[in-house]
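Student: Pasting a structure below so you can have a look.
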Amino acid sequence: MPFSFDINSQGYLKKRESFDLEYKQNFQLGDNLLKYIKTMVGMANNRGGEIVFGVKDSPHIPLGMTNNRFVSTDPKTIDAKIREYFEPSLKWEAKEIEFEGKTFGLISVREAQEKPIVCKRNKDNILREGAVYYRYRGETKEIEYPELRNLLDVEKEKERVLWIKHIEKIRMAGPRNIEILDMCKGELSYGDHKILLEESLIENLNVIKEGSFTEKDGEGIPVLKLIGEIDGLVNSEQVVVNPETIYPFTTKQMQERLGINQYEMQAIIHCLGLKSKPKYHIEITNGKTSIHKYTEKAISTIQALFERYGKEECLSQWKGKYKQERKAKSRT
């Protein structure tokens, strides 16, 4: 739950420090920064949490920060320290908040998707190499056996579920239509062929493993997106790509997969502009004849829109728009 200033009659904060909340008077650098990061990691290894700066300790009185270090410290400095001492990385954000004319600092930490986050370097008596820090009620310390056992069991179950999802996707698409990008070896397996990616390219690829992004034809659709200049292909001229592998579906087959009629299919193709987007469509010409083929991505995008906005609502809007534009075109 996002932090809020809930004050009692004496002017003290009602909410106590807990597994997801820590109070600090001011933001400091040096060893103090490492202690904040230790707390952030402990929260990420639990269920996430928040550190609020500008609160007096014992009793917890919201006085506001008395220096500007929170504002003046570049988030990149904190990120660099996190990467220097811990792995894998954690997701966090910092912002200023105002209350009764006073300024407070807030660091919000998300629960880690990949646990445990482990300390990889010693630092005096603050951090220990190999330690897993965990946030308990009001304190951050090295994880104890019951919590570690539970954490590892949860991660094991997540991996099992992920394998099931991968296998189900392979079953749905067919093993011949599945390709594998090995980020460790820098290889893209394509049937019996392999495309080798230069090491510099691998380092520059940003992979969104989970989450969503917004595009015109589908908001919030989970994706695996590679961002980078794809100019690090080795021996790419030896790779033969069969369009049937990438674009396996005819218009009729896509219509059947979606459970719609021919007119509805034409309305969708027109309104979403599928034919103008290579990631969804290709026109294969053979002599004087041609055939339109579509990717699995085209189907999953449409299905995601159905799930998000309702199938009947989507079809109603697209058919109406398609009808109007056809009428307007016939008059010209």
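Student: Tally time: how many residues in region 54-74 are under 33 Å from the mean Cα position of the chain (by Cα), crowded, with 16+ Cβ neighbours inside 10 Å and assigned to a loop (DSSP other than H, G, I, E, B)?
Tutor: 3
Student: Additional query: Could you tell me how many of the residues in region 244-264 are surrounded by 14 or more Cβ atoms within 10 Å (Cβ to Cβ) and either part of a loop (DSSP other than H, G, I, E, B) or of a type in the set (D, E, K, R) (or both)?
Tutor: Number of matching residues: 5.
Student: Any idea which of (1) among the hydroxyl-bearing types (Ser, Thr, Tyr); (2) touching a residue at least 24 places away in the same chain (Cβ under 8 Å); (3) more than 22 Å from Pro116 (Cβ to Cβ); (4) surrounded by fewer than 18 Cβ atoms within 10 Å (Cβ to Cβ) is the one Ser18 doesn't satisfy?
Tutor: Every listed condition holds for Ser18 apart from (3).
Student: State whether one or more residues within region 34-53 are assigned to a loop (DSSP other than H, G, I, E, B) and farther than 19 Å from Pro116 by Cβ.
Tutor: The first filter runs over region 34-53 and keeps only residues assigned to a loop (DSSP other than H, G, I, E, B), leaving 46-48.
Next cut, farther than 19 Å from Pro116 by Cβ only: none.
There is no residue in region 34-53 that is assigned to a loop (DSSP other than H, G, I, E, B) and farther than 19 Å from Pro116 by Cβ.
Student: Then there's this: Using beta carbons and a limit of 7 Å, which pairs, at least six apart or on different chains, have the first residue in region 155-170 and within 18 Å of Pro116 (Cβ to Cβ) and the second one exposed (fewer than 10 other Cβ atoms within 10 Å of the Cβ) and at pLDDT below 90?
Tutor: Going by the 7 Å Cβ cut-off, there are no qualifying pairs.
Student: Please find, within region 124-138, the residue that is nearest to Glu50 (Cα to Cα) out of those that are in contact (Cβ under 8 Å) with a residue 40 or more places away in the chain and surrounded by 13 or more Cβ atoms within 10 Å (Cβ to Cβ). I'd like the intermediate steps shown before the answer.
Tutor: First, pick out the residues of region 124-138 that are in contact (Cβ under 8 Å) with a residue 40 or more places away in the chain: 124, 126-127, 132-138.
In the following step, the residues that additionally are surrounded by 13 or more Cβ atoms within 10 Å (Cβ to Cβ) were identified as 126-127, 132-136.
Working: Ile126: 20, Leu127: 20, Val132: 19, Tyr133: 16, Tyr134: 14, Arg135: 11, Tyr136: 13 Å.
The selected residue is Arg135.
Student: When you go through (1) part of a strand (DSSP E or B); (2) at pLDDT below 95 one by one for Ser4, which number turns out not to apply?
Tutor: Result: Ser4 fails condition (1) only.
Student: Taking the condition under 27 Å from the mean Cα position of the chain (by Cα), modelled with pLDDT under 90, in a helix (DSSP H, G or I) and more than 15 Å from Lys252 (Cβ to Cβ), does Ala304 pass?
Tutor: Values: under 27 Å from the mean Cα position of the chain (by Cα): yes; modelled with pLDDT under 90: yes; in a helix (DSSP H, G or I): yes; more than 15 Å from Lys252 (Cβ to Cβ): yes.
So Ala304 fits the description; yes.
Student: State the number of residues belonging to region 270-294 that are more than 19 Å from Tyr322 (Cα to Cα), at pLDDT 90 or above and either part of a helix (DSSP H, G or I) or within 24 Å of the chain's Cα centre (by Cα) (or both).
Tutor: Selection size over region 270-294: 0.
Student: Something else now. Could you tell me whether region 140-163 includes any residue that is more than 26 Å from Leu34 (Cα to Cα) and either touching a Leu at 6+ places or on another chain (Cβ under 7 Å) or of a type in the set (Val, Ile, Thr) (or both)?
Tutor: Among the residues of region 140-163, at least one is more than 26 Å from Leu34 (Cα to Cα) and either touching a Leu at 6+ places or on another chain (Cβ under 7 Å) or of a type in the set (Val, Ile, Thr) (or both), which makes the answer yes.
Student: Sticking with this structure for a sec: Which one is farthest from the chain's Cα centre (by Cα), of the residues in region 139-153 that are surrounded by 11 or more Cβ atoms within 10 Å (Cβ to Cβ) and of a type outside the set (Asp, Glu)?
Tutor: Restricting to residues being surrounded by 11 or more Cβ atoms within 10 Å (Cβ to Cβ) and of a type outside the set (Asp, Glu), the top hit is Lys141.
Student: Among the residues of region 147-162, are any among the β-branched types (Val, Ile, Thr), closer than 17 Å to Ala44 by Cα and in a loop (DSSP other than H, G, I, E, B)? Walk me through how you get there before you give the answer.
Tutor: Going through region 147-162, the residues among the β-branched types (Val, Ile, Thr) turn out to be 154, 161.
Of the ones still in play, those that are also closer than 17 Å to Ala44 by Cα are 154.
Filter again for in a loop (DSSP other than H, G, I, E, B), leaving none.
Among the residues of region 147-162, not one is among the β-branched types (Val, Ile, Thr), closer than 17 Å to Ala44 by Cα and in a loop (DSSP other than H, G, I, E, B), which makes the answer no.
Student: Separate question: If you go through region 315-332 one residue at a time, how many are among the hydroxyl-bearing types (Ser, Thr, Tyr) and touching a residue at least 12 places away in the same chain (Cβ under 8 Å)?
Tutor: Qualifying residue count, region 315-332: 1.
Student: In addition: Please specify each residue of region 106-123 satisfying the condition of being surrounded by 15 or more Cβ atoms within 10 Å (Cβ to Cβ) and not charged (D, E, K, R).
Tutor: Leu106, Ile107, Ser108, Val109, Ala112, Pro116, Ile117, Val118, Cys119
Student: Follow-up. Looking only at region 1-15, count how many residues are under 36 Å from the mean Cα position of the chain (by Cα) and small (Gly, Ala, Ser).
Tutor: Keep residues of region 1-15 that are under 36 Å from the mean Cα position of the chain (by Cα), which gives 1-7, 13-15.
Still in the list and also small (Gly, Ala, Ser): 4.
So the answer is 1.
Student: For residues that are outside any loop (DSSP other than H, G, I, E, B) and in contact with a strand residue (DSSP E or B) (Cβ under 9 Å, 6 or more places away or on another chain), tally how many sit in region 7-33.
Tutor: To start, the set of residues in region 7-33 that are outside any loop (DSSP other than H, G, I, E, B) comprises 7, 13, 18, 21-24, 31-33.
Within this subset, residues satisfying the condition of being in contact with a strand residue (DSSP E or B) (Cβ under 9 Å, 6 or more places away or on another chain) are 7, 13, 18, 21-24, 31-32.
Selection size over region 7-33: 9.
Student: Further question on the same structure: Suppose the filter is of a type outside the set (Lys, Arg), more than 24 Å from the chain's Cα centre (by Cα), exposed (fewer than 15 other Cβ atoms within 10 Å of the Cβ) and not in a helix (DSSP H, G or I); does Glu96 pass it? Spell out how you get there, then give the answer.
Tutor: On the way: of a type outside the set (Lys, Arg): yes; more than 24 Å from the chain's Cα centre (by Cα): yes; exposed (fewer than 15 other Cβ atoms within 10 Å of the Cβ): yes; not in a helix (DSSP H, G or I): yes.
Yes; evaluated as a whole, the condition is true for this residue.
The values are calculated or read from the model by the stated rules, or taken from the named source; none is laboratory data. Values in this document were obtained by computation on a predicted structure and should not be read as measured data. Every residue, glycine as well, gets a Cβ built from its backbone with ideal geometry; the counts of neighbours run over all protein chains shown.
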